[in-house]
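Reading through the structure tokens given below for one structure.
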Amino acid sequence: MTAHAAESTPFIPPMPERNPKALREAIARQAPQLLPDFDEHWKWAVADAYDISTVPAFMARWWGEYAIARDPKLDAHVRDVEARAAECADLAEAKTLLEEASSIRHQALRVEPGR
């Protein structure tokens with residue numbers, strides 16, 4: 001067996017349908033560490049508020065969070081970049097790091113269902 005076989009690309013699950021129920025199910029299966037915050041946010045932002053007008057903003061936030069969390073390498077990279085920016089003494093370097101993290105998060109918002 002070659003070393004390449006041991007370094008196979010991990011499976012990244014496709015994005016679910018773009019609705020709260022499907023997103024919650026995907027999070028529960030693939031990124032359960034996000035579920036408590038997802039449920040708490042849903043409760044105060046939508047359920048307890050009795051306000052469905054908040055659903056698009058809720059979905060945008062959690063769509064992006066899940067799109068990143070479902071890929072362990074990407075999730076670790078974003079967290080590392082953000083942590084380095086938080087500890088960086090050089091303002092220009094911190095800005096560059098935060099722009100990178102922001103770019104990744106914006107790209108995550110554009111991932112389509114099934115991708």
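The values are calculated or read from the model by the stated rules, or taken from the named source; none is laboratory data. All figures in this text were calculated on a predicted structure; none of them were measured in a lab. With ideal geometry, Cβ positions are generated from the backbone for all residues, glycine too; neighbour counts draw on all protein chains shown.
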| request: Output the qualifying pairs, or none if there are none: Cβ atoms under 9 angstrom, residues six or more apart or on different chains, first residue in the stretch 51-67 and over 16 Å from L35 (Cα atoms), second residue surrounded by 14 or more Cβ atoms within 10 Å (Cβ to Cβ) and not aliphatic (A, V, I, L, M). | output: V55/P20
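If you check E40 against the conditions, is it more than 17 Å from M15 (Cβ to Cβ) and of a type in the set (D, E)? Write out each step before concluding.
Numbers: more than 17 Å from M15 (Cβ to Cβ): yes; of a type in the set (D, E): yes.
So E40 passes the test.
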| task | Please determine, by comparing only the residues of the stretch 1-13 that are exposed (fewer than 12 other Cβ atoms within 10 Å of the Cβ) and outside any helix (DSSP H, G or I), which one is modelled with the highest pLDDT. | result | F11
| remark: Going through the stretch 49-75 in order, the residues found to be surrounded by fewer than 12 Cβ atoms within 10 Å (Cβ to Cβ) and either among the hydroxyl-bearing types (S, T, Y) or within 17 Å of G114 (Cβ to Cβ) (or both) are Y50, S53
| request: Return yes when K21 is exposed (fewer than 11 other Cβ atoms within 10 Å of the Cβ), in contact (Cβ under 8 Å) with a residue 12 or more places away in the chain and part of a helix (DSSP H, G or I) and no when it is not. | output: no
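Which of the residues that make up the stretch 58-86 are part of a helix (DSSP H, G or I) and of a type in the set (D, E)?
Answer for the stretch 58-86, where residues must be part of a helix (DSSP H, G or I) and of a type in the set (D, E): E65, D75, D80, E82.
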